[in-house]
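Quick one: this structure, given as structure tokens, is what I'll be asking you about.
Here, each number is a calculation from the coordinates, and none is a lab measurement. This structure is a prediction, so every number in the text was calculated from the model and none was measured. We place every Cβ from the backbone using ideal geometry, glycine too, and count neighbours over all the protein chains shown.
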Amino acid sequence: MNKFYSLIVSASLLLVFAGTAQAHHGGPGFRCSTAKHAAEIVVCNSWKLSRLDRRLNYWYGRAKERARYFDQTGWLRSQQRAWLRSRNACYWNKPCITRKYRQRIRELRRYFTHV
């Protein structure tokens, strides 16, 4: 029980500091104050991951434009949800989260340029 409580306190403190970190490096494309998953907290506390998140948001937006044209918005949305689950499965593992972001950005760019 003490280990679980310690983890909750640590996560809460990270959330408090995430807002400060976000202000210094531009932050990710989502609100750090509502971060629920460990992976989101890690992104909020890393300027490199925040930058990757913003880049992913850019390509996801471009892919959504393309998907609308080809009536594939539902498919793209479900792919993005699956990706979010896989990113969140990395928990606190920063290299894993980084790999997930880079892979997804490549997929979105490929989709945008080849569909």
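Rank by packing, highest mean first: peptides 104-113, 44-53, 77-86, with packing defined as the count of other Cβ atoms within 10 Å averaged across residues.
In decreasing order of mean packing, 104-113, 44-53, 77-86 become 44-53, 104-113, 77-86.
Using r as the Cβ-Cβ distance of R106 and S33, and R0 as 35 Å, what FRET efficiency do you calculate, to the nearest 0.05?
According to the calculation, E is roughly 0.75.
Just to verify a number: FRET efficiency for H114 and K48, C-beta to C-beta distance, R0 = 30 Å, to 0.05?
E between H114 and K48, to the nearest 0.05, is 0.65.
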